[in-house]
Amino acid sequence: MEKDVAQKTAAALKGAGIDFVTYLPETRLSRILPLLEADSAFKLVPTSSEAEAVTIASGAALVGKQPAVYMEGTGLFVCSYNLLTVSIRVGTPILLLISYVGSMADQKNSFRFAPTGLRTEQQLRALNIEYQIAEDPAQVETQLQNATRMMHALKQPVALLFTGAFTL
Amino acid sequence: MIRYECFEWMAPLIDDHLVVTSLSGQRVEWGHLSNREGNLLLGSMGNALAVGCGLAMALPHRRVVVLESDGSILLSLFNLPTVANLGPQNLSVFVFDNQIYSGTRISEPTATAGKTDLEIIARGAGIEDAVTVRDLETFKKAALPALTGSGLNFIVAKVEESRGHRKIQRTNMDLLENKYRFVRYIEKTEGKPIFLGRG
């Protein structure tokens, strides 16, 4: 992720009202983390597993935070049980910011990631989680605002899959 | 010591605490003894501690009480280093360790029936205030400051296998109803809207 894209993404998260970010870092989008850490508008919560990143975020959502969960695409498979048994079953508005590793437009795609990427959208559909693909940084502000509006409307997790220029 | 008698003692001490339960006996017995709006009766394995951590991180001035089981904690052991390093000073974790998967109906043992010690795991993860108690009087001594004071507490209560919860009438309040009751309670007591949107 290039520096200006990271800055644009961090600013868009703030503009969308996100104020609580749980995460397990990965490679594609990691440059947003120092920017979020440096901005007191965000409470950052490092975790040891995506499984708890979604449940901690769900708890925060129930008491008034506007949470996002930042993870690699592989993490979606790790946290599917927790999404099902807490976030979806309770119905908590959380925004999943997923690095879409192994997708067609992933600029760092390899044999290590493609099998995951092939199944990521299928997994989101199986979970009945609304999602959009973010490839163009010029659209990220609009897409984050739309996704945040949708998560509040549904009171459910909503996902953005980051690929294309976000994976440079 | 049985879990229900611990809950009977705890229930009158709950004021504006937020209480999150895991599954099985924790959910059924606590839901039977306490009908407070601040209860979140999750009823799933491996989630209560992390949800409680999220509540505690987001509302640092409210005490959060998590009622967990050994099987549930073992399913999500990665919670312990995360909670230790985040260090919320308003979180009290009670693990009612009956050393079996009681939901199996065949009392299949958990790892704590063998060599595993949850207090030592918690300490190793970085939770300094972790203790194990084995009788009701010791439980009360450890639980009272955890319910009335501050800090991050982790209390492993070694309890006997009890099937009392199977005879209790279960609440038919599903998680959606529970969520809205909980959220409206937070709105009322914190004076702020929780769920956003146009309406």
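For the range B:92-114, the criterion of being within 12 Å of chain A (Cβ to nearest Cβ) and not basic (Lys, Arg) is met by no residue. All conditions in (1) of a type in the set (A, V, I, L, M); (2) away from every other protein chain (no Cβ under 14 Å); (3) surrounded by fewer than 24 Cβ atoms within 10 Å (Cβ to Cβ) hold for A:Val78, with the sole exception of (2). Within the range B:74-85, residues that are within 13 Å of A:Ala53 (Cβ to Cβ) and within 9 Å of another protein chain (Cβ to nearest Cβ) sit with their Cβ atoms under 6 Å from residues that are modelled with pLDDT of 95 or more and outside any helix (DSSP H, G or I), at 6+ positions apart or across chains, in these pairs: B:Ser76/B:Gly46; B:Phe78/A:Ser48; B:Phe78/A:Ser49; B:Thr82/A:Thr47; B:Thr82/A:Ser48.
Against the definition (part of a loop (DSSP other than H, G, I, E, B) and either surrounded by fewer than 15 Cβ atoms within 10 Å (Cβ to Cβ) or of a type in the set (A, V, I, L, M) (or both)), how does B:Ile121 come out, yes or no? Here the answer is no, as B:Ile121 does not meet what is asked.
Once the range B:180-198 is narrowed to residues that are at the interface with chain A (Cβ under 10 Å from one of its Cβ atoms) and assigned to a loop (DSSP other than H, G, I, E, B), the residue that is nearest to B:Val20 (Cα to Cα) is B:Ile194.
Of the candidates A:Val140, A:Val86, the single residue that is surrounded by 19 or more Cβ atoms within 10 Å (Cβ to Cβ) and within 14 Å of chain B (Cβ to nearest Cβ) is A:Val86. Once the range B:23-49 is narrowed to residues that are closer than 22 Å to B:Leu80 by Cβ and of a type in the set (Ser, Thr, Tyr), the residue that is farthest from the other protein chains (Cβ to nearest Cβ) is B:Ser24.
Scanning the range A:44-65 for residues that are of a type outside the set (Asp, Glu) and more than 7 Å from chain B (Cβ to nearest Cβ) yields A:Leu44, A:Pro46, A:Ala53, A:Val54, A:Ala61. Contact map, the range B:3-26: first residue more than 22 Å from B:Ala50 (Cα to Cα), second residue among the charged types (D, E, K, R), Cβ cut-off under 7 Å, separation 6 or more or different chains; pairs are B:Tyr4/B:Glu29; B:Trp9/B:Lys140.
Within the range B:50-72, if we keep just the residues that are in contact with a helix residue (DSSP H, G or I) (Cβ under 6 Å, 6 or more places away or on another chain) and within 8 Å of chain A (Cβ to nearest Cβ), the residue that is surrounded by the fewest Cβ atoms within 10 Å (Cβ to Cβ) turns out to be B:Ala58. Elements of the type helices (runs of 4 or more DSSP H) sitting completely within the range B:1-87 and holding at least 3 residues that are within 20 Å of B:Ser162 (Cα to Cα): these cover B:3-10, B:24-33, B:70-75.
Could you look through the range B:154-179, keep only residues that are assigned to a helix (DSSP H, G or I) and more than 9 Å from chain A (Cβ to nearest Cβ), and pick out the one that is nearest to the chain's Cα centre (by Cα)? Give the derivation first.
Kept after step one, since they are assigned to a helix (DSSP H, G or I), are these residues of the range B:154-179: B:164-167, B:175-179.
Then drop every residue that is not more than 9 Å from chain A (Cβ to nearest Cβ), which leaves B:164-167, B:177.
Details: B:Gly164: 18, B:His165: 16, B:Arg166: 19, B:Lys167: 21, B:Glu177: 20 Å.
So the residue we want is B:His165.
Scanning the range A:150-166 for residues that are more than 22 Å from A:Gly59 (Cβ to Cβ) and either surrounded by fewer than 22 Cβ atoms within 10 Å (Cβ to Cβ) or at pLDDT below 95 (or both) gives A:Gly164, A:Ala165.
The values are calculated or read from the model by the stated rules, or taken from the named source; none is laboratory data. As the structure is a prediction and not an experimental result, all values here were calculated from the model. Note that we place each Cβ from the backbone using ideal geometry, even for glycine, and neighbour counts take in every protein chain shown.
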